[in-house]
Amino acid sequence: MTANPILLQKKYARIIEKFSQKENISLNDALDFFYHSETYRFMSEGVSDFHCMSDDYLTEELISEYKKV
């Protein structure tokens, strides 16, 4: 399933903002990390409808990736 590109961009923005707040990093750093993450790749490619998961779930996935680095 493919998501509406506009809605997907808004979802990205919400996740990046939550990630930035929870990890206390700048929005620029959060944005850079997000666009190089597996979470972004899965969402943008529609892998297993990953983009349909809640913002909170996806933010936690992103945080998990961030802590591994």
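Readers should treat all values here as calculations from the given coordinates under stated rules, not as data from a laboratory. Every value quoted in this text rests on a predicted model; they were computed, and no experiment measured them. Note that we place each Cβ from the backbone using ideal geometry, even for glycine, and neighbour counts take in every protein chain shown.
Structure data summary
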quantity	calculated
Residue-averaged 222 nm ellipticity for the chain, from DSSP H runs of 4+ at -39500 (n - 2.57), nearest 500	-22500 deg cm²/dmol
Hz values of 3J(HN,Hα) by residue in the stretch 48-54 - Karplus curve (6.51, -1.76, 1.60), Gly and Pro given as x	6, 6, 4, 5, 8, 5, 5
Computed over the chain: relative contact order in percent, which uses C-alpha pairs under 8 Å that are six or more apart	37
Of (1) 49, 27, 19; (2) 33, 22, 19; (3) 53, 24, 15, the label for Cα extents along the principal axes in Å derived from the coordinates	(2)
Simple spin-label estimate for SER44 and THR2 in nanometres, 7 Å along Cα-Cβ	1.5
For the chain, size of Cβ-based charge dipole, Lys and Arg +1, Asp and Glu -1, in debye	100
Under 24 Å from LYS68, Cα to Cα: lysines that are on another chain or at least 8 residues apart	LYS11, LYS18, LYS22
Whole-Hz ³J(HN,Hα) from phi, Karplus 6.51 cos²θ - 1.76 cosθ + 1.60, for the stretch 18-24, glycine and proline x	5, 4, 4, 5, 5, 9, 6
